[in-house]
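The structure appears right after this line, and notes come after that.
The values are calculated or read from the model by the stated rules, or taken from the named source; none is laboratory data. Predicted, not measured: the structure shown is a model, and the values here were computed from it. Cβ atoms come from the backbone with ideal geometry, glycine included; neighbour counts cover every protein chain shown.
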Amino acid sequence: MSYVTLNYPFEPLEAPPEYRGRPRIDPKLCVGCGACSRVCPSDAIIVEDNYRDGLRRIKLDISRCIRCACCEEACPTGAIKLTREFELASPRKEDFTQIFELRLVKCSICGKPSDYTVRQVEKAKQILSHLPKEEVDEIIKRITVCRECRRKKTIRTTFESIPILGLIRA
Amino acid sequence: MKWTIDRVIEIIKAKFGKYIKDMYRPMANQVIIVMDKSAAPKATLFLLKEAGVPEPQLSTVVGTDERPIRGMFSIIYWVSVNAEGGDAWIGIKTYLHEDDLKIESITPLHPGANWYEREIRDLLGIIPVNHPDPRRLVLPDDFPKNIYPLRKEYDYRSKPTVTPRHVFKRPAEGTVIVPFGPYHAACDEPYHFRLYVKGEEIVDADYRGFYNHRGIEKLAESRLTYNQIPFIAERICGICGFVHSTAYCQAVENAMGIDVPERARYIRTIMLEIERIESHLLWIGIACHLAGFDTGFMHAWRIREKDMWLAERLTGNRKTYGLNVIGGVRRDILEYRKSLALNTLSELKREYKEFVDMLSSTKSFIKRCEGVGVLPYNKAVAYSTTGPTARGSGRRIDVRKDHPYAAYGELDFKVPVYKDGDVLARAMVRIDEVWESIWIIEQALDKLPGGPLRAEIKRIEPYREALSYDEAPRGENVHYVMLGRGNKVYRWKVRAPTYNNLPAVPEMLKGYTIADAPLIIASIDPCFSCTERVLVIDVRTGEKKAYTEREFNYLSIRKSRR
């Protein structure tokens, strides 16, 4: 290398291909499983469910991010990637966050929003595609239950599994 | 005859047999001997002074609030056997009841224990009896009395109310005080040295630091999980971060009894050495700058840039590699990166040779360093100094050689030792070490074995403890971990190398001039963030004797007019 000083910032500077820069989520690919938020050591990704509107909100806060790329390793669909961007200074707070929302699937019993996104269910179907369709539908139906219905269901099955308890109820 | 761990245990048994209550071996080369409170300090001093162990070193002193487990506090004095005399770490542990938190101080006989005992007094409230320095070390002086942050009942979010106050040593008759820091052109980080001078000559010095105290240990105990800590450990230091994350991961692996795959150990070694080159070149640059040789500074940093670039290509970032996890590493060194590394290293070698030739023929630099800031061998031993500071004073200690970890046991390298003890000796140790580091990386890349990168972790047994150690660019870096429940460590104690080296600086300063002070202080390559961890509170000390900025400016102007 013969140069002494680069003409940066008047000329763009490219980071090497291995560089871990600002992470970005591709909202088209994200299924909203929340794996990234579980592995993130600095809590930069926060996943919140809004049952009233039936939406899951995914919030990526760049200012908390430490560029460890744990999220990239955990992501099952390759939606979150560390880019090679490193010039992040900005006067606007919004530039440091990426927020988007995904629709939650409806409970198969009561119709209220449950704990999974529509895309998560699609992804599950994709993974289970080697099984016959009826079986898959049965599994999905059993899983997509909201918290309240699940609680009720658990109590009911417990009662049914112990005959004595069934008698008390009768 | 080698000093094996069994031999050391025999010696202690012969002398202190009746005081020993329990003994267990967390690792093949580590032993924890539980002793009576009255005997533990004596046994530690015996090992350090009389036992005849080669280059004994008080590596760390760990105080733990074990009340939730055993209803008592505990102290472990970790003494290591060095100088290739045998691979042994002896932990002398004693339990203290809450009603009687007093233990005999070992500082009067071994000044290297000064800071450890003050830290334990500040953070846990265990009082070292007959300690010569009653002042605080870690906690700010305005922190309320009788609140001990490392006790388990103290919540990591609490912020006690404070009243400012700090007392410095009284100056001797006819001396003038020159405050140096917390913010000074020659300080990279906030620290405060008080130089007591007669004319130009420094007669005494005092240190007040821990302005960078961030409470990482408390945070790790109360808030973080096992897998989050490597990332915060990496951020203990801005220069030798990888050393800390490696030491933490090794400590947990040792405590859990996990065998790290060979390839992961080699990759760790390579990155540790890349970091050492980077750190040493940085230091050489700074030393040149402080000696008024700015051309050398620029050249050193230009060469360093190659190493930084290599680190970026290998791990994805110039610093904070984010590579370590418990059980191994996260990223592999692929074939194309291997050739990249070798090419860069050969370039670096060529340029570094030119640079060293130039530096050693620059009289102004050599003259500034030669015979300045001498730390004699016996003082180096008394303060338990480590790393290039110790090796510059003729101590033959290097954790890589004495207690092989990662892949160092399988690689060939030399440990440069100089006996002069001055700034030049410390500089020469570092200059030589860069060559050794390059050689280690070349070997490791050549030998790099195949296999997995991570070991599987099955179960975490709570309350097992282990020590881990590695050679940071600045010296021996020791981490102690006690595993805990609920995916959290119970106690994680970090002892960075500067913690041992910094107390020796006042010794180095005595008898030299103010103009040499920045160079002497920098010659140990101090890393204040490393040294200062444990607490969260901001320091706002009201310094009664310090000059105000105006007074100081006035004095310096008057002085330079003469």
### Message
Go through segment B:253-273 and report how many residues are in contact with a Leu (Cβ under 8 Å, 6 or more places away or on another chain) and part of a loop (DSSP other than H, G, I, E, B).
### Response
1
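Given the condition within 14 Å of another protein chain (Cβ to nearest Cβ) and surrounded by fewer than 17 Cβ atoms within 10 Å (Cβ to Cβ), answer yes or no: does some residue in segment B:319-334 qualify? Step through it out loud before you land on a result.
Going residue by residue through segment B:319-334, those that are within 14 Å of another protein chain (Cβ to nearest Cβ) are B:319-326, B:328-334.
Applying the additional criterion that residues be surrounded by fewer than 17 Cβ atoms within 10 Å (Cβ to Cβ) yields B:332, B:334.
Yes.
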### Task
Give segment A:22-35 a look and list any residue that's crowded, with 20+ Cβ neighbours inside 10 Å and under 12 Å from A:Cys65 (Cα atoms), or say none.
A:Pro23
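Give the residue that is surrounded by the fewest Cβ atoms within 10 Å (Cβ to Cβ), with candidates limited to residues of segment B:472-493 that are of a type in the set (Val, Ile, Thr) and over 28 Å from B:Val374 (Cα atoms). Can you show your working first?
Applying the first criterion (of a type in the set (Val, Ile, Thr)) to segment B:472-493 yields B:478, B:481, B:489.
Now drop any that are not over 28 Å from B:Val374 (Cα atoms), which leaves B:481, B:489.
Numbers: B:Val481: 31, B:Val489: 23.
Taking the candidates together, the pick is B:Val489.
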### Message
Considering only residues that are farther than 15 Å from B:Val61 by Cβ and touching a helix residue (DSSP H, G or I) at 6+ places or on another chain (Cβ under 9 Å), which ones fall in segment B:78-100?
### Response
B:Val81, B:Asn82, B:Ala83, B:Glu84, B:Gly85, B:Gly86, B:Asp87, B:Ala88, B:Glu98
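For every residue, the table says whether it meets (1) among the acidic types (Asp, Glu); (2) within 9 Å of chain A (Cβ to nearest Cβ).
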residue	(1), (2)
B:Ile277	no, no
B:Gly292	no, no
B:Met298	no, no
B:Trp301	no, no
B:Asp307	yes, no
B:Thr315	no, yes
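Working only within segment A:13-29, note down all residues that are within 30 Å of B:Lys319 (Cβ to Cβ) and more than 14 Å from chain B (Cβ to nearest Cβ).
Going residue by residue through segment A:13-29, those that are within 30 Å of B:Lys319 (Cβ to Cβ) are A:13-26.
Listed by number, the residues that qualify are A:Arg24, A:Ile25, A:Asp26.
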#### Entry: Total residues in segment B:261-273, condition touching a helix residue (DSSP H, G or I) at 6+ places or on another chain (Cβ under 6 Å) and either within 14 Å of another protein chain (Cβ to nearest Cβ) or charged (D, E, K, R) (or both)
3
### Query
Out of B:Lys419, B:Lys414, which single residue is over 18 Å from B:Thr60 (Cα atoms), free of Cβ contacts under 8 Å to residues at least 24 places away in the same chain, outside any helix (DSSP H, G or I) and not assigned by TED's automatic domain parsing to the domain that holds B:Lys49?
B:Lys414
### Task
Scan segment B:354-396 residue by residue and report those that are of a type in the set (Phe, Trp, Tyr) and under 18 Å from the mean Cα position of the chain (by Cα).
B:Tyr383
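On the given criteria, is A:Lys81 more than 14 Å from chain B (Cβ to nearest Cβ) and touching a residue at least 12 places away in the same chain (Cβ under 8 Å)?
Working: more than 14 Å from chain B (Cβ to nearest Cβ): no; touching a residue at least 12 places away in the same chain (Cβ under 8 Å): yes.
Judged against the criteria, A:Lys81 is not a match.
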### Task
Working only within segment B:222-252, note down all residues that are assigned to a loop (DSSP other than H, G, I, E, B) and either away from chain A (no Cβ under 14 Å) or of a type in the set (Ser, Thr, Tyr) (or both).
B:Thr225, B:Tyr226, B:Cys237, B:Ile239, B:Cys240
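Looking at segment B:100-124, which of its residues are part of a loop (DSSP other than H, G, I, E, B) and within 23 Å of the chain's Cα centre (by Cα)? Step through it out loud before you land on a result.
Kept after step one, since they are part of a loop (DSSP other than H, G, I, E, B), are these residues of segment B:100-124: B:100-101, B:105-110.
Hits for segment B:100-124 are B:Ser105, B:Ile106, B:Thr107, B:Pro108, B:Leu109, B:His110.
Please state which one of B:Tyr321, B:Tyr377, B:Tyr352, B:Tyr383 is in the same structural domain as B:Arg459 (by TED's automatic domain parsing) and either free of Cβ contacts under 8 Å to residues at least 60 places away in the same chain or in contact with a Leu (Cβ under 6 Å, 6 or more places away or on another chain) (or both). Show your work before the answer.
Numbers: B:Tyr321 fails: either free of Cβ contacts under 8 Å to residues at least 60 places away in the same chain or in contact with a Leu (Cβ under 6 Å, 6 or more places away or on another chain) (or both); B:Tyr352 fails: either free of Cβ contacts under 8 Å to residues at least 60 places away in the same chain or in contact with a Leu (Cβ under 6 Å, 6 or more places away or on another chain) (or both); B:Tyr383 fails: either free of Cβ contacts under 8 Å to residues at least 60 places away in the same chain or in contact with a Leu (Cβ under 6 Å, 6 or more places away or on another chain) (or both).
Only one candidate qualifies: B:Tyr377.
What about A:Arg103, is it charged (D, E, K, R) and not in a helix (DSSP H, G or I)?
Numbers: charged (D, E, K, R): yes; not in a helix (DSSP H, G or I): yes.
Judged against the criteria, A:Arg103 is a match.
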### Task
Determine the pairs where a residue that is closer than 21 Å to A:Lys141 by Cβ, located within segment A:92-119, has a partner that is surrounded by 13 or more Cβ atoms within 10 Å (Cβ to Cβ) and acidic (Asp, Glu) with Cβ atoms under 8 Å apart, the partner being 6 or more residues away or on another chain.
A:Leu104/A:Asp49; A:Leu104/A:Asp115; A:Cys110/A:Glu148; A:Lys112/A:Glu148; A:Pro113/A:Asp49; A:Asp115/A:Asp49
### Query
List pairs: first in segment B:99-118 and farther than 20 Å from B:Glu507 by Cβ and in contact (Cβ under 8 Å) with a residue 12 or more places away in the chain, second not in a strand (DSSP E or B) and not hydroxyl-bearing (Ser, Thr, Tyr), Cβ under 7 Å, 6+ apart or cross-chain?
B:Leu101/B:Gly125; B:Leu101/B:Ile126; B:Ile103/B:Lys37; B:Ile103/B:Pro41; B:Ile103/B:Ile126; B:Glu104/B:Pro41; B:Glu104/B:Asn130
### Task
Go through segment B:82-99 and count every residue that is over 15 Å from B:Lys2 (Cβ atoms) and in a loop (DSSP other than H, G, I, E, B).
3
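How about segment A:67-78: which of its residues are within 14 Å of another protein chain (Cβ to nearest Cβ) and either more than 23 Å from the chain's Cα centre (by Cα) or hydrophobic (A, V, I, L, M, F, W, C) (or both)? Before you say what the answer is, go through the steps one by one.
Taking segment A:67-78 first, the residues within 14 Å of another protein chain (Cβ to nearest Cβ) are A:67-74.
Across segment A:67-78, the qualifying residues are A:Cys68, A:Ala69, A:Cys70, A:Cys71, A:Ala74.
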### Breaking point among (1) more than 14 Å from chain A (Cβ to nearest Cβ); (2) surrounded by fewer than 24 Cβ atoms within 10 Å (Cβ to Cβ); (3) in a helix (DSSP H, G or I), for B:Ile284
(2)
### Message
Yes or no: segment B:203-219 includes at least one residue that is more than 14 Å from every other protein chain (Cβ to nearest Cβ), among the polar types (S, T, N, Q) and part of a helix (DSSP H, G or I).
### Response
no
